[in-house]
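The values are calculated or read from the model by the stated rules, or taken from the named source; none is laboratory data. Worth saying up front: this structure is predicted, and the values here are computed from it rather than measured. A quick note on method: Cβ atoms are made from the backbone with ideal geometry, for glycine too, and the neighbour counts reach across all protein chains shown.
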C-alpha cells in the first residue's frame with residue numbers, strides 16, 4: 001500500500017520510491033571511495049524528498065530544509081575539511097529552518113512543562129548535546145570548535161522545537177536526526193582510525209538520517 005493516492009506509478013509515490021532506491025544504492029556504496037555516482041546517489045535520496053514536498057504543496061520551510069540537507073549530503077559525500085565544513089553549514093541552516101517549521105504547528109514551549117514526558121525527552125536531548133560537545137571539544141582542532149558548537153546548539157533547538165508538536169512522526173524524526181548526528185560525530189572524531197566499529201556506524205548513521213528525513217517529510221505531507 002502506497003502512502004499517496006494511486007499506485008506506484010502515481011507521481012508522488014514514484015518520487016518517494018525513487019528516493020528510497022537512491023538511498024539503498026548509496027548504502028551499498030557507503031564504504032567505497034568517493035565518486036560522482038556515489039555522491040549522486042546520496043544527494044538524490046533527500047533531493048527527491050524535496051521534490052516530493054514541492055509536488056504535494058508542502059510548506060516552503062520543509063522544501064528549503066530538505067534541499068539544504070541534500071546540498072549537505074553532496075558535500076559530505078566528498079573527503080576533506082572544506083567539504084566537511086560545507087556540509088556542516090548546509091545542515092546547520094537546514095536545522096535552523098526546521099525550528100520555525102515545527103514551532104509554527106506546535107503548541108508552544110509551555111508544553112514541555114505541562115506534559116512531563118516532553119520535558120523528560122527535552123532534558124535528555126540537552127544532556128546528550130552537552131556530553132557530545134564536551135567530548136568533541138577535546139578532540140577537534142581549534143578551527144572546528146566554534147562551528148561544531150553552533151551546530152550542536154542548532155540541532156538541540158530543532159529537537160526541542162519538535163517536542164512542541166503533537167505529531168509523533170516529527171518527534172521521532174527529530175530524535176533519529178540527533179542520534180544520526182551523534183553517531184556521525186563519534187565515528188568521525190572520537191573513534192580510532194582502525195576501529196572495527198566504523199563500518200556498522202556508517203550504515204547506522206545513514207539509516208537513521210534517511211529515516212529521520214522521511215518521517216519529517218511524510219508528517220507534513222500526510223498529516
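Annotations for the structure displayed:
- Scanning the stretch 193-207 for residues that are touching a helix residue (DSSP H, G or I) at 6+ places or on another chain (Cβ under 9 Å) and either surrounded by fewer than 20 Cβ atoms within 10 Å (Cβ to Cβ) or in a loop (DSSP other than H, G, I, E, B) (or both) yields a total of 8.
- Residues in the stretch 208-217 that are crowded, with 20+ Cβ neighbours inside 10 Å and more than 19 Å from residue 31 (Cβ to Cβ): 212, 213, 214, 215, 216, 217.
- The stretch 51-64, residues that are crowded, with 17+ Cβ neighbours inside 10 Å, without any contact (Cβ under 8 Å) to a residue 40 or more places away in the chain and either farther than 18 Å from residue 2 by Cα or in contact with a strand residue (DSSP E or B) (Cβ under 9 Å, 6 or more places away or on another chain) (or both): 63, 64
- The number of residues in the stretch 126-147 being surrounded by fewer than 20 Cβ atoms within 10 Å (Cβ to Cβ) and within 20 Å of residue 90 (Cα to Cα) comes to 7.
- Within the set 88, 144, 123, the sole residue that is at pLDDT 95 or above and out of contact with any strand residue (DSSP E or B) (no Cβ under 7 Å at 6 or more places or on another chain) turns out to be 123.
- Test for residue 80: is it surrounded by fewer than 16 Cβ atoms within 10 Å (Cβ to Cβ) and either touching a strand residue (DSSP E or B) at 6+ places or on another chain (Cβ under 8 Å) or under 16 Å from residue 216 (Cα atoms) (or both): no
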